[in-house]
Amino acid sequence: MIALARKYRPKQFADLIVQDHVAAALRGAVAQGRVAHGYLFAGPRGVGKTTAARILAMALNCEQRSPAGEPCGVCDSCSRIWTGAANLDVVELDAASNRGVDDARDLRERAMYAASTETRSKVYIVDEAHMLTREAWNALLKILEEPPPRVVFVFATTEPQKIANAAAPILSRLQRFDFRRIGPHAIIDRLRQVVEQEKLRVADDALHLIARSANGGMRDALSLLDQVLSFGEGPVTAARVRDVLGLVPDELYGEMLRAIVEHDAGAMFPLVERLLEAGADLGEFVNGAGETLRALLLVGVGGQPEGMTEGLLAVIRKYAPQLPPADVVRLLTILSESEERISRSANTRLLVEVLLLRTEPWSCRMSSRRSKARQPPPRRRLNRRRLSRRLLRRPVRSWSPHSPTSARSGPPSSPTRARGAQCSAVYWPKRK
Ligand SMILES: Nc1ncnc2c1ncn2[C@@H]1O[C@H](COP(=O)(O)OP(=O)(O)OP(=O)(O)O)[C@@H](O)[C@H]1O
Ligand SMILES: [Mg+2]
Ligand SMILES: [Zn+2]
């Protein structure tokens, strides 16, 4: 059975979700015959970089291309390129395994003598382009500067800054497109389309959970759906998704919110116990706790959180009015401070228990009171007028023409007094 992520790879620019800015620019370039010789597609994993490069190659070589620049998606040439099958016109390279200068020279030679016919274009798609060495980029510099006609290079990368560091001059020879993360709403909409076409039954909450776990990548979302489907028969429920993906049950986030709002510190230990019994990853729980609090903050200011199941949203709405935003922000700070420590800790359980106790508002207040007590007393603000009055007074009081110091010429010489003397020169008693 073909994987959903491959089966539902878009065949036209119009099918690329979220990346409309890229789709519109490439479609326009094809329609007007203004396609550049080199492109850099940068963005997170699984958001459509390779797909866009293939659609561009399809559009350049499709005989039934629409006047707007869309490939037909069904002709022989289009389907060969779409499937990634061996093809004379499109060469896909993985820079992770062809990263050296020899590989780049080989690519250059092949591109120089590209045997495209008058009507066809040759497209080189280089995936994981940040893996190319500096020497490899140097070998490509010339051909990117003056490429042979009808040859297009597309470099795809998840780490554009590495290319900027290793081969800055290359960037000025490429047109750069930044692909966006795919938000939970867009992922859910796309998953719904797939579910409908596949005639599957998947609960809405289950889609929300998958979208949340996909973390902005459409490929991940489709692969997770595949994984959940292969796990059992019948309709896909949220519980099944949680089971298969090892997610933390939503009730536990609800219980955490209740305990925080009701100052129920005693409930935190059984909560961690239940998490461990459910086989949950504690690091993931802390992550989810952060997302839950963020959603609560959003609800508090009238926003609509994404990727939450209806059940958890109802709990969040219930508790939002009882937790002032300032408290939530403080809790989020505590969580984010602990996240890294938890990933490194050998005793995660204890850390999470302590963390949950710290999320208690009374603990925040206590610790802030305690830390205030530990602080040195605030420095009194310098009051210029009072200071100068003090300085003025001193020399007059401590020095008189009849005092033993009067034998010396001028005012006394200790630093303060000297300064005082300077300030109060006008008032200094005249020497006889
Ligand atoms: N923008 C999108 N619209 C619709 N489907 C998408 C989109 N992005 C990704 N997909 C789905 O995810 C699959 C993988 O996408 P693609 O190979 O283009 O990702 P990528 O950005 O090249 O990722 P990687 O950085 O891991 O190579 C596609 O086959 C498609 O099913
Ligand atoms: Mg790719
Ligand atoms: Zn076609």
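The values are calculated or read from the model by the stated rules, or taken from the named source; none is laboratory data. Nothing here was measured: the structure is a model prediction, and the numbers come from that model. Note that we place each Cβ from the backbone using ideal geometry, even for glycine, and neighbour counts take in every protein chain shown.
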Considering only the stretch 36-140, give the helices (runs of 4 or more DSSP H) lying wholly within it that have at least 2 residues that are of a type outside the set (K, R) and within 16 Å of ligand 1 (Cβ to nearest atom).
49-61, 76-83
Can you find even one residue in the stretch 223-233 that is closer than 24 Å to F179 by Cα and within 16 Å of ligand 2 (Cβ to nearest atom)?
yes
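Kindly indicate whether any position in the stretch 157-179 is under 30 Å from D204 (Cβ atoms), modelled with pLDDT of 90 or more and part of a loop (DSSP other than H, G, I, E, B).
Yes, the stretch 157-179 has at least one match.
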Identify the residue in the stretch 75-88 that is more than 16 Å from ligand 2 (Cβ to nearest atom) and closer than 19 Å to T119 by Cβ and, among all such residues, is surrounded by the most Cβ atoms within 10 Å (Cβ to Cβ).
C78
Scanning the stretch 6-61 residue by residue, those closer than 27 Å to A214 by Cα and among the basic types (K, R) turn out to be R6, K7, R9, K11, R45, K49, R54
Count - residues of the stretch 115-130 that are of a type outside the set (V, I, T) and crowded, with 19+ Cβ neighbours inside 10 Å:
6
Of the residues V241, V195, V202, which single one is in contact with a strand residue (DSSP E or B) (Cβ under 6 Å, 6 or more places away or on another chain) and either crowded, with 22+ Cβ neighbours inside 10 Å or in the same structural domain as A42 (by TED's automatic domain parsing) (or both)?
V202
The stretch 16-43, residues that are closer than 22 Å to T158 by Cβ, surrounded by fewer than 18 Cβ atoms within 10 Å (Cβ to Cβ) and not aliphatic (A, V, I, L, M):
D20, H21
In the stretch 217-249, the residues that are assigned to a loop (DSSP other than H, G, I, E, B), closer than 20 Å to E284 by Cα and at pLDDT below 95:
G246, L247, V248, P249
Hits in the stretch 137-147 (condition: surrounded by 19 or more Cβ atoms within 10 Å (Cβ to Cβ), without any contact (Cβ under 8 Å) to a residue 40 or more places away in the chain and of a type in the set (A, V, I, L, M))
A139, L140, I143
Go through the stretch 268-287 and give me each residue that's free of Cβ contacts under 8 Å to residues at least 40 places away in the same chain and of a type outside the set (A, V, I, L, M).
P270, E273, R274, E277, G279, D281, E284
Taking the stretch 44-63 only, how many residues are at positive phi and either within 10 Å of ligand 3 (Cβ to nearest atom) or crowded, with 24+ Cβ neighbours inside 10 Å (or both)?
1
In the list S79, S66, which residue meets the criterion of being modelled with pLDDT of 95 or more, more than 34 Å from the chain's Cα centre (by Cα) and within 14 Å of ligand 3 (Cβ to nearest atom)?
S66
Could you tell me how many of the residues in the stretch 180-201 are part of a helix (DSSP H, G or I), over 30 Å from R34 (Cβ atoms) and not charged (D, E, K, R)?
9
